[in-house]
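Trainee: Shown below is the structure under consideration.
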Amino acid sequence: MKKFFLVLLSLSFFSCYSTHKFLNTDINPGGRIAVVIAETKYDDVNTIIANSMSELLEAKSKLTVVHQHKVKSIIGTYPERIRGPYKHLGDEIEPDNKRRDMDTLAAYAKKLNVNYLYVFWIPICVESKIITTDPYGNTRESAGFTGYYYIGELIEFPSRRIIAQGEAELSYIPNATVIGSRKPAASSREMAINFSELAVDEIIKNTGIGN
Amino acid sequence: MFTVKKILPFFAFICLSVVFISCSTNKGKKFTPVDEGFLIESGKSIAVLSGTNGDNDINLAELISERMIIEGRLKVMPQAEISRRIPRYPLNVNLIDFSYNDKRIKNNPSYLSDTSKAGIDAVQKILKTDYILIVWIDSLSSLPYNDQRAMNVASRLISYPAAKVVAYSFRWNEKHSYCCLFPVKWIGVFENASIDLTEEIYKNVK
């Protein structure tokens, strides 16, 4: 069981923390890939990650990438919710591989004519506010910590073989003052782009599909 | 042996105390008919719908539906059958598009927005049930200091063919524990909420 809030708070000084686990490392370098948003709650962050990962995969890997506008034009209802490998109840997320809707993902891969899908879900977001009080007792509220729980998978089709599974706690803190060099992301955009770079680098490093 | 005899009742007392401390409470408006004296007709068909496409609403609708099937007295359409008949339901269908902060609810506690009502009526046209019960969670809260979990459950019962809201509810279901050995699980809050709402509904079945 994920004690998501506590994990997020303990990781609040890191802009992102990636944990892609590679179950397989052999990828066809001549293959085609599409990044797929499978949870529609946080549209802005989802879109940045999907676009950014697509661009980075195209720039850094040998794979042919189907871009987001093409995914949207081929699958008219995209983006839409696709059941992910987890159970969500209240504010808790529990991994559950049996829940993943592999049939819908396989149909996506077929329609998009790709060998690989990188699918991701962001089911939960946590926001906190910072309340400061001056010596005269006036209080001021400002944006504090915002954290997202992220699940991503790289899946091969039509074999339905899972290449990698990832979990991450992404977060940003506007105007954070940090001692040391590791400054957290200041915006959702910076957070999403930083994470996309990390995820793509991990995929390339572990599968050897880099240019 | 003497010590064991003394310890066992003491331990049982502690366990029972913890069970009683881990309690649940309800605040808000329980399931209430709009018109006084209204009763749901026994043997009629009903479909329980999830108000939004969020996992929590979907889970709650499933639990309530399962419980109502067990209770009998009404013909409850299984969730799998609803999914089969309504394309993209429940993962990609949002029927409730207002929150409980909406000022119109203060004057009219059985309020449904025009767009929500139109969506529910469209679903009923396909399902053809006598009643639609739509349920959703307006807000969730989790307080770690006393391990409290709470959720605000809302519902509307709509009768057909009149297409009229005949009953509504809006209740906080909360559970808390003061002992880390017995932490509160969300599933417990969901199950309690489904039991409470089902019991209240069945009190209004003739």
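Trainee: Within straight cross-link reach of A:LYS183, meaning Cα distance under 30 Å, which lysines are found once same-chain residues fewer than 8 apart are removed?
Mentor: The qualifying lysines are A:LYS2, A:LYS3, A:LYS21, A:LYS41, A:LYS60, A:LYS129, A:LYS205.
Trainee: Right, here's the next one. Taking other Cβ within 10 Å of each residue's Cβ, how do A:HIS69, A:HIS88 sort, fewest first? Don't skip to the end; give the middle numbers.
Mentor: Details: A:HIS69 10, A:HIS88 23.
Exposure proxy ranking, most exposed first: A:HIS69, A:HIS88.
Trainee: Also, I was wondering about something else. Using the Karplus curve 6.51 cos²θ - 1.76 cosθ + 1.60 with θ = phi - 60°, what ³J(HN,Hα) values do you get for each residue of the stretch B:38-51, in whole Hz, with x for Gly and Pro?
Mentor: 5, 9, 6, 7, 4, x, 7, 8, 8, 10, 9, 10, 7, x
Trainee: For the stretch B:102-206, give the magnitude of the charge dipole about the Cα centre (Cβ charges: +1 Lys/Arg, -1 Asp/Glu; no others), in debye to the nearest 20.
Mentor: Charge dipole, the stretch B:102-206, about its Cα centre: 320 debye, nearest 20.
Trainee: Kirkwood Rh, the stretch B:27-186, all Cα pairs: how many Å? Mind dumping the intermediate values first?
Mentor: On the way: mean 1/r = 0.0604 Å⁻¹.
In the stretch B:27-186 this quantity evaluates to 16.6 Å.
Trainee: Which value does Rg/Rh take for the protein assembly as shown over its C-alpha atoms, Rh per Kirkwood?
Mentor: For the protein assembly as shown, the value is 1.02.
Trainee: Now a separate question. I need the shape label for the stretch A:11-154. Rule: rounded when a/c is under 1.5, else prolate if a/b > b/c, else oblate, with a, b, c from the alpha carbon gyration tensor.
Mentor: It is prolate, given that a/c is not under 1.5 and a/b is the larger ratio.
Trainee: I need A:THR207, B:THR115 ordered by Cβ neighbour count within 10 Å, fewest first.
Mentor: B:THR115, A:THR207
Trainee: To the nearest 500 deg cm²/dmol, what mean residue ellipticity at 222 nm is calculated for chain A from DSSP H runs of n ≥ 4 alone, each contributing -39,500 (n - 2.57), summed and divided by the residues?
Mentor: -9500 deg cm²/dmol
Trainee: Whose amide H sits under 5 Å from the amide H of B:LYS75, counting only residues 5 or more places off or on another chain, with H placed in the peptide plane?
Mentor: B:GLY43, B:LYS44, B:SER45, B:ILE46
Trainee: Then there's this: Provide the per-residue ³J(HN,Hα) series for the stretch B:69-85, in order, calculated from phi with Karplus coefficients 6.51, -1.76, 1.60 and θ = phi - 60°, each as a whole number of Hz, with x at glycine and proline positions.
Mentor: The phi angles translate into 5, 5, 4, x, 6, 10, 8, 8, 6, x, 4, 4, 5, 5, 4, 5, 8 Hz.
Trainee: Please report how far the C-alpha centroid of the stretch A:108-140 lies from that of the stretch B:107-162, rounded to the nearest whole angstrom.
Mentor: For the stretch A:108-140 versus the stretch B:107-162, the Cα centre distance is 26 Å.
Trainee: Taking the Cα centre of chain A as the origin and placing charges on Cβ (Lys, Arg +1; Asp, Glu -1), which of A:LEU112, A:ALA143, A:MET53 is farthest toward the positive end of the dipole?
Mentor: Of the listed residues, the answer is A:LEU112.
Trainee: Which is farthest toward the positive dipole end of chain A among A:ASN97, A:ILE27, A:PRO174, measuring Cα position about the Cα centre, with Cβ charges +1 (Lys, Arg) and -1 (Asp, Glu)?
Mentor: Result: A:ILE27.
Read-outs throughout are calculated quantities, based only on the coordinates presented, and are distinct from any laboratory measurement. What you are looking at is a predicted structure, and each value in this text was computed from that prediction instead of being measured. We place every Cβ from the backbone using ideal geometry, glycine too, and count neighbours over all the protein chains shown.
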